[in-house]
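Heads up, the thing below is written out as structure tokens.
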Amino acid sequence: MKRRQLMLGGAAAAAALAGAGVAWWQFQPHGAPAAAGPGAALDPFWSQAFDTPDGASLALASFAGKPLLVNFWATWCPPCIEELPLLDRFYQENKAKSWQVLGLAVDQPSAVRTWLQRKPLAFPVVMAGFSGTELSKSLGNLSGALPFTVVFGASGQLLHRKSGKVTPEDLAQWVQLG
């Protein structure tokens, strides 16, 4: 009986360790596959267009040719709201170095418009609605959680992705990639 308990305990510990390892891996930033960008594997991403808060259409292809940080966020997501001033500062400090930032709101348009009236951002924001979750999943956000950020190089190649709140250290690392 004791031997059976030890074997079951060992199997349970191994399963728990494997589960923790998978969870840890999912939430770590990962580099992306090499061939991506306009005309490559992520063509569905680059061929999309979204409405801006004022109703204009903004094509993602218009961002091609320069490094791009895309942040998936929502007004109901506290970590998203906390990181937006940091992303806005990053954009203002690096736009002269050709860096672009795009906020992709996974939210109700009226909530985004109201929020942006109170706290305007210097970088463009588009309305992805709740279908933005599927777009983020297509870029590697396995859980669909927010915030989620991806970084594209000037060639359109997906260089990095991160689930969770962006830190100044992340931005310092990413600016070196572009």
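The values are calculated or read from the model by the stated rules, or taken from the named source; none is laboratory data. Just so we're clear, the structure is a prediction, and the values are computed from it rather than from any experiment. Heads up, the Cβs are rebuilt from the backbone with ideal geometry, glycines too, and the neighbour counts pull from every protein chain shown.
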Next item on the list: Could you please find all residues in the range 126-151 being of a type in the set (A, V, I, L, M, F, W, C) and farther than 18 Å from Glu93 by Cα?
Entry: Val126, Met127, Ala128, Phe130, Leu135, Leu139, Leu142, Ala145, Leu146, Phe148, Val150
Check: So which of Glu169, Glu82 is at pLDDT 95 or above, farther than 20 Å from Phe50 by Cβ and over 15 Å from the mean Cα position of the chain (by Cα)?
Finding: Glu169
Next item on the list: Output the number of residues of the range 101-114 satisfying the condition of being assigned to a helix (DSSP H, G or I) and either of a type in the set (S, T, N, Q) or crowded, with 21+ Cβ neighbours inside 10 Å (or both).
Entry: 3
Checklist line | Filter result (hydroxyl-bearing (Ser, Thr, Tyr) and buried (at least 16 other Cβ atoms within 10 Å of the Cβ)) within the range 135-178 | finding: Ser136, Thr149, Ser163
Check: Can you find a residue in the range 78-97 that is in contact (Cβ under 8 Å) with a residue 24 or more places away in the chain, farther than 21 Å from Glu169 by Cβ and assigned by TED's automatic domain parsing to the domain that holds Gly164?
Finding: no
Margin query: Looking at Gly103, Gly156 in this structure, which one is within 23 Å of Ser57 (Cα to Cα), in the same structural domain as Phe50 (by TED's automatic domain parsing) and over 10 Å from the mean Cα position of the chain (by Cα)?
Written below: Gly156
Notebook entry, point to check: Name the pairs: first residue in the range 109-122 and of a type in the set (S, T, N, Q), second residue surrounded by 11 or more Cβ atoms within 10 Å (Cβ to Cβ), Cβ to Cβ under 8 Å, at least 6 apart or on different chains?
Noted result: Thr114/Thr75
Next item on the list: Hey, can you tell me all the residues within the range 65-100 that are surrounded by fewer than 19 Cβ atoms within 10 Å (Cβ to Cβ), among the small types (Gly, Ala, Ser) and in a loop (DSSP other than H, G, I, E, B)?
Entry: Gly65, Ser98
Check: Which ones in the range 130-170 are assigned to a helix (DSSP H, G or I) and of a type outside the set (S, T, N, Q)?
Finding: Phe130, Gly132, Glu134, Leu135, Lys137, Pro168, Glu169, Asp170
